[in-house]
Amino acid sequence: MTSIPRVKFFVLRKISRLVINAIVKTCRIHITGEEIITDLKHKNIPIIYVFWHRHIFFTIYRFKKTSARPLISHSRDGEIVSQIAEEFGMNPVRGSSSGGGARAFLKLLKSIQTEQSDILITADGPKGPLREIKDGTIILARKTNSVIVPFCWYCSRVKIFKKTWDRFILPLPFSHITFSYGEPFLLPPQKKGKIINQNIEILKKQLQERMIRLEQKTEDIYQKRDSKTRSG
């Protein structure tokens with residue numbers, strides 16, 4: 001990066017931090033399923049967190065100062081997200097299925113096995129399709145004996161960017177935010193030490209369905225409340 005982009009990214013990450021903090025600190029936050037994470041950590045079970053790309057905004061705030069390792073692409077948009085994640089005390093790993101994936105996979109592998117790092121993966125990132133999981137998440141969990149924990153969030157007042165591929169969501173000030181951890185997704189025992197492509201597809205579909213149900217359940221908290229308010 002030349003000096004000019006460095007300056008731009010420096011300013012952008014500082015402004016982004018101010019904006020994210022300014023919005024989130026006006027909101028009331030409710031966490032569900034946190035006892036799941038406490039139990040896994042007490043048992044020293046490695047965790048790979050997965051979420052949809054549209055949930056990036058509050059995820060950065062939720063995992064601030066944790067040294068978590070989010071997987072972020074090498075794209076220009078990825079560079080922006082990476083800079084902001086670093087500003088919030090995370091330690092990104094750069095790479096994706098479209099570039100640098102093998103090197104990123106090895107870094108994540110090492111992070112789990114030797115550093116016991118929490119890993120964050122946008123299951124449908126970096127460019128979609130929307131709500132379609134990539135193979136890497138399943139393979140990484142298998143290689144490291146990790147559990148996969150899906151999460152999502154939604155809020156009472158939200159801006160949905162309908163023209164973006166992921167339908168990105170942004171909490172509005174003074175919202176109520178619910179952040180939901182789902183049940184751990186445990187991979188079945190592997191046969192003969194091999195990862196079979198057919199099994200990966202089955203596991204991806206199962207995880208995808210679980211993530212969609214968790215997302216719908218979390219969104220329903222506010223959508224049903226709004227419906228009752230209108231009918232009343």
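The values are calculated or read from the model by the stated rules, or taken from the named source; none is laboratory data. Everything quoted here is computed from the prediction, not taken from an experiment. As a convention, Cβ positions derive from the backbone with ideal geometry for all residues, glycine included, and neighbour counts pool all protein chains shown.
Data overview
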quantity	calculated
Among (1) aliphatic (A, V, I, L, M); (2) free of Cβ contacts under 8 Å to residues at least 60 places away in the same chain; (3) farther than 23 Å from Gly182 by Cβ, the one test that Leu108 misses	(3)
Matching entry among Val19, Val7, Val50 (being at pLDDT below 95 and at negative phi)	Val7
Meets criteria (among the small types (Gly, Ala, Ser) and at pLDDT 95 or above) for Gly182	yes
Conditions (1) surrounded by 17 or more Cβ atoms within 10 Å (Cβ to Cβ); (2) within 23 Å of Ala104 (Cα to Cα); number of the one not met by Arg76	(1)
Extreme residue, modelled with the lowest pLDDT, among residues of segment 91-131 that are of a type in the set (Asp, Glu) and not in a helix (DSSP H, G or I)	Asp118
Extreme residue, modelled with the highest pLDDT, among residues of segment 132-166 that are among the charged types (D, E, K, R) and within 25 Å of Gln190 (Cβ to Cβ)	Glu132
Set Arg28, Arg69, Arg94: member being without any contact (Cβ under 8 Å) to a residue 60 or more places away in the chain, touching a His at 6+ places or on another chain (Cβ under 7 Å) and among the basic types (Lys, Arg)	Arg94
Selection from segment 59-83 of residues that are out of contact with any Leu (no Cβ under 9 Å at 6 or more places or on another chain) and under 13 Å from Ile20 (Cβ atoms)	Ile60, Tyr61, Arg62, Lys64, Val81
Only one of Asp166, Asp118 that is of a type in the set (Asp, Glu), in contact (Cβ under 8 Å) with a residue 60 or more places away in the chain and either more than 20 Å from Glu215 (Cβ to Cβ) or touching a Ser or Thr at 6+ places or on another chain (Cβ under 7 Å) (or both)	Asp118
